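A.B. asks: Take this structure first; my questions come after.
The values are calculated or read from the model by the stated rules, or taken from the named source; none is laboratory data. Since we're looking at a predicted model, the values are computed, not measured. Here the Cβ positions follow ideal geometry from the backbone for every residue, glycine too, while neighbour counts run over all protein chains shown. Accessible surface is based on the protein model in full, side chains and every heavy atom, while ligands, DNA and RNA are left aside. Shrake-Rupley method; radii C 1.70, N 1.55, O 1.52, S 1.80 Å.
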Number of protein chains: 2
Amino acid sequence: MLLRHHDAANLAAECARCGVRSASVCAVVPDEDIEQLATYTQHLEFEAGQTFINQDEPAEDFFVVTEGHARLCTLMPDGRRQVTGFASPGQFLGLAADGNYAFNAEALTPLKLCRVTRHGLKLLMSQFPQLEQRLLTEASRELSVAQGRMLLLGRKTARERLASFLTEHAGMAACRDVIVLPMTRTDIADYLGLTIETVSRTLNALRRDGLIEIDHVTRIRLLDRPALEDIAAGGA
Amino acid sequence: MLLRHHDAANLAAECARCGVRSASVCAVVPDEDIEQLATYTQHLEFEAGQTFINQDEPAEDFFVVTEGHARLCTLMPDGRRQVTGFASPGQFLGLAADGNYAFNAEALTPLKLCRVTRHGLKLLMSQFPQLEQRLLTEASRELSVAQGRMLLLGRKTARERLASFLTEHAGMAACRDVIVLPMTRTDIADYLGLTIETVSRTLNALRRDGLIEIDHVTRIRLLDRPALEDIAAGGA
DNA sequence: TGCTCGCCTTGACCTAAATCAAACGGGTTG
DNA sequence: CAACCCGTTTGATTTAGGTCAAGGCGAGCA
């Protein structure tokens, strides 16, 4: 479910369309509704490195990523960091908010996103009940993912964590066995609950074992996907 | 938001009421609807130790806990276990499902719950749109919680994990500074990503430091809540 | 072409928590 | 009441991964 780059009003309609999975539905949104929605909807762009959601600030907006990648993380007072996820095009952000945002969001690459105010989202949902359904589905899916990440962070070894990370990314990559990582080693480490040194060492161990090739720091080729998936699952 | 023990039909109405937060709404549910819902709704009881949701089985039902406590966990093929959460009265289960259940659920104490089939849930949601809204809110809240647990599992020390666990449970306990744990040390360990030995040692360290008292294995008194909260947050 | 600045890798060493191994209740059973 | 079981505690030892400390390497720049 990818959303493409449009002007604000069309994005609102696009948002709505997510729920019904049919392009034709755009036509049934009355013009005056689109106008009204446009006042609650906005298209934004950020450069790599810019932070657009700040932890502990009031959660006033809801976002849909349309282009680029972002990093979501939570911080501890002494600077320890946990990356809770990476957002790619089509992903919703701000759902997890409960009064205040529970995380920071920062652009990893040039980023485009569609912003909807809380009020605008309510309006959208009342006009397109299927959007609400879609958000519920999305939230459920994210909860499943979160459970998988708890297992990873609580119980998996460094090797299993890296194998999980690689197969997860290969799963959504276009060319299925070559992945290009838009994030640094530090981001990977904070995502997997490891240090950069361990990430580096473990990737090299996987390379020595003939499971991956490291073309470039950011470009990794999976040589034996089934074996990696087996490691990821903690294959007995 | 606690749900009490009722017959099946009333529980369906009760489910609906969650969304509107008003007792009077029961009255507006037409009798024929109640009858129809009753065919999709069921009240169940389990003894401590019984498993009522099995990982990887098709997610056909949706549950609301009405009495008792349950444990949710995911397993790895070699037996490693991650407890992803504990369910107490009022909690929804089965939202995270995406085709198949992503976790096991087992009763920790004698447990009562209300079961609704997927179809029944759809029917309920179409009749009470506010229920869907309520579920979305609930899912968002759980996502926030999940992010906090990722930080805990990925970055906190054993001491911080136990302090987080204790303050989290004190937060919802009736008598605010004495908590009674319905789970074993093994469950706590698997919840916090530690071993039972580390849980035991760390609890005793907190006791030696005058932060808690351990009346009984399952009964813990918090002597200095602010200090524990500070430790839990990783207080600089 | 060489400089510099961020990443990333590699090596040596350390430590928090895991593992292994007894022993200790405290409740139930014969 | 003794024997047993199961969950827990406590102690000794090990280890996976963290920390500290050099280097290396590639991209942008003069």
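A.B. asks: Within the stretch B:102-116, can you find the residues that are more than 15 Å from B:Pro58 (Cβ to Cβ) and in contact with a His (Cβ under 8 Å, 6 or more places away or on another chain)?
C.D. replies: Those that are more than 15 Å from B:Pro58 (Cβ to Cβ) and in contact with a His (Cβ under 8 Å, 6 or more places away or on another chain): B:Ala107, B:Leu108, B:Thr109, B:Leu111, B:Lys112, B:Leu113, B:Cys114.
A.B. asks: B:Thr218 - would you say it is more than 30 Å from A:Ile188 (Cβ to Cβ), within 14 Å of chain A (Cβ to nearest Cβ), out of contact with any His (no Cβ under 6 Å at 6 or more places or on another chain) and within 16 Å of DNA strand C (Cβ to nearest atom)?
C.D. replies: Numbers: more than 30 Å from A:Ile188 (Cβ to Cβ): yes; within 14 Å of chain A (Cβ to nearest Cβ): no; out of contact with any His (no Cβ under 6 Å at 6 or more places or on another chain): yes; within 16 Å of DNA strand C (Cβ to nearest atom): yes.
Here the answer is no, as B:Thr218 does not meet what is asked.
A.B. asks: One residue is enough: does the stretch B:199-214 have a residue meeting the conditions under 24 Å from B:Ala70 (Cα atoms), among the charged types (D, E, K, R) and touching an Asp or Glu at 6+ places or on another chain (Cβ under 9 Å)?
C.D. replies: In the first step, residues of the stretch B:199-214 are kept if they are under 24 Å from B:Ala70 (Cα atoms); the result is B:199-200, B:203, B:214.
Narrowing the set further to residues that are among the charged types (D, E, K, R) leaves none.
No: the stretch B:199-214 contains no residue that is under 24 Å from B:Ala70 (Cα atoms), among the charged types (D, E, K, R) and touching an Asp or Glu at 6+ places or on another chain (Cβ under 9 Å).
A.B. asks: Give the residues of the stretch B:64-84 that are within 14 Å of another protein chain (Cβ to nearest Cβ) and buried (at least 21 other Cβ atoms within 10 Å of the Cβ), sorted by residue number.
C.D. replies: Narrowing the stretch B:64-84 to residues within 14 Å of another protein chain (Cβ to nearest Cβ): B:71-84.
Across the stretch B:64-84, the qualifying residues are B:Arg71, B:Leu72, B:Cys73, B:Thr74, B:Gln82, B:Val83, B:Thr84.
A.B. asks: Mind checking which residues of the stretch A:197-209 are away from chain B (no Cβ under 14 Å) and open to solvent by 40 Å² or more (accessible area, probe 1.4 Å)?
C.D. replies: A:Glu197, A:Ser200, A:Arg201, A:Asn204, A:Arg207, A:Arg208, A:Asp209
A.B. asks: Could you check how many residues of the stretch A:213-236 are touching a Lys or Arg at 6+ places or on another chain (Cβ under 6 Å) and in a loop (DSSP other than H, G, I, E, B)?
C.D. replies: 0
A.B. asks: Hey, does the stretch A:172-188 have a residue that's away from chain B (no Cβ under 14 Å), open to solvent by 70 Å² or more (accessible area, probe 1.4 Å) and within 11 Å of DNA strand C (Cβ to nearest atom)? Spell out the reasoning first.
C.D. replies: Narrowing the stretch A:172-188 to residues away from chain B (no Cβ under 14 Å): A:172-185.
Now drop any that are not open to solvent by 70 Å² or more (accessible area, probe 1.4 Å), which leaves A:172, A:174-176, A:180, A:184.
Still in the running and within 11 Å of DNA strand C (Cβ to nearest atom): A:184.
Yes; the residues of the stretch A:172-188 include at least one that is away from chain B (no Cβ under 14 Å), open to solvent by 70 Å² or more (accessible area, probe 1.4 Å) and within 11 Å of DNA strand C (Cβ to nearest atom).
A.B. asks: What residue, among those in the stretch A:124-137 that are facing chain B (nearest Cβ under 9 Å) and touching a residue at least 12 places away in the same chain (Cβ under 8 Å), is least open to solvent (accessible area, probe 1.4 Å)?
C.D. replies: Among residues in the stretch A:124-137 that are facing chain B (nearest Cβ under 9 Å) and touching a residue at least 12 places away in the same chain (Cβ under 8 Å), the one least open to solvent (accessible area, probe 1.4 Å) is A:Leu135.
A.B. asks: If B:Gly234 meets every condition in (1) more than 9 Å from chain A (Cβ to nearest Cβ); (2) away from DNA strand C (no atom under 11 Å from the Cβ) apart from one, which number is that one?
C.D. replies: The single condition B:Gly234 does not satisfy is (1).
A.B. asks: Moving on. Scan the stretch A:182-196 and give yes if some residue there is within 16 Å of DNA strand D (Cβ to nearest atom), of a type in the set (Gly, Ala, Ser), under 22 Å from B:Gly148 (Cα atoms) and not assigned by TED's automatic domain parsing to the domain that holds A:Pro89, otherwise no.
C.D. replies: For the stretch A:182-196, residues within 16 Å of DNA strand D (Cβ to nearest atom), of a type in the set (Gly, Ala, Ser), under 22 Å from B:Gly148 (Cα atoms) and not assigned by TED's automatic domain parsing to the domain that holds A:Pro89: present.
A.B. asks: Can we say A:Leu111 is more than 14 Å from chain B (Cβ to nearest Cβ), more than 18 Å from the chain's Cα centre (by Cα), more than 26 Å from B:Leu136 (Cα to Cα) and away from DNA strand C (no atom under 16 Å from the Cβ)? Spell out how you get there, then give the answer.
C.D. replies: Numbers: more than 14 Å from chain B (Cβ to nearest Cβ): yes; more than 18 Å from the chain's Cα centre (by Cα): no; more than 26 Å from B:Leu136 (Cα to Cα): yes; away from DNA strand C (no atom under 16 Å from the Cβ): yes.
No; evaluated as a whole, the condition is false for this residue.
A.B. asks: Continuing with this model, one more query. Considering each residue of the stretch B:168-212, count those that are at pLDDT 95 or above, in contact with a helix residue (DSSP H, G or I) (Cβ under 7 Å, 6 or more places away or on another chain) and outside any helix (DSSP H, G or I), and give that number.
C.D. replies: Within the stretch B:168-212, residues that are at pLDDT 95 or above, in contact with a helix residue (DSSP H, G or I) (Cβ under 7 Å, 6 or more places away or on another chain) and outside any helix (DSSP H, G or I) number 5.
A.B. asks: Please give the number of the condition B:Lys156 fails out of (1) open to solvent by 70 Å² or more (accessible area, probe 1.4 Å); (2) within 12 Å of DNA strand C (Cβ to nearest atom).
C.D. replies: Only one criterion is unmet by B:Lys156, namely (1).
A.B. asks: Run down A:Leu222, A:Leu121, A:Leu153 and say which single residue is closer than 21 Å to A:Ala87 by Cβ and more than 16 Å from DNA strand D (Cβ to nearest atom).
C.D. replies: Working: A:Leu222 fails: closer than 21 Å to A:Ala87 by Cβ; A:Leu153 fails: more than 16 Å from DNA strand D (Cβ to nearest atom).
The conditions single out A:Leu121.
A.B. asks: Continuing with the same structure: Regarding B:Arg155, is this residue more than 14 Å from the chain's Cα centre (by Cα), on the phi < 0 side of the Ramachandran plot and away from chain A (no Cβ under 14 Å)?
C.D. replies: It is false that B:Arg155 is more than 14 Å from the chain's Cα centre (by Cα), on the phi < 0 side of the Ramachandran plot and away from chain A (no Cβ under 14 Å).
A.B. asks: Moving to a separate point now. In this structure, does B:Thr51 turn out to be touching an Asp or Glu at 6+ places or on another chain (Cβ under 7 Å), among the β-branched types (Val, Ile, Thr), modelled with pLDDT of 90 or more and surrounded by fewer than 22 Cβ atoms within 10 Å (Cβ to Cβ)?
C.D. replies: Working: touching an Asp or Glu at 6+ places or on another chain (Cβ under 7 Å): yes; among the β-branched types (Val, Ile, Thr): yes; modelled with pLDDT of 90 or more: yes; surrounded by fewer than 22 Cβ atoms within 10 Å (Cβ to Cβ): yes.
So B:Thr51 fits the description; yes.
A.B. asks: Inspect all residues belonging to the stretch A:151-166 and state whether any of them is more than 30 Å from B:Asn104 (Cα to Cα), in contact (Cβ under 8 Å) with a residue 60 or more places away in the chain and assigned to a loop (DSSP other than H, G, I, E, B). Give the derivation first.
C.D. replies: Restricting attention to the stretch A:151-166, the residues satisfying the condition of being more than 30 Å from B:Asn104 (Cα to Cα) are none.
No, because not a single residue in the stretch A:151-166 is more than 30 Å from B:Asn104 (Cα to Cα), in contact (Cβ under 8 Å) with a residue 60 or more places away in the chain and assigned to a loop (DSSP other than H, G, I, E, B).
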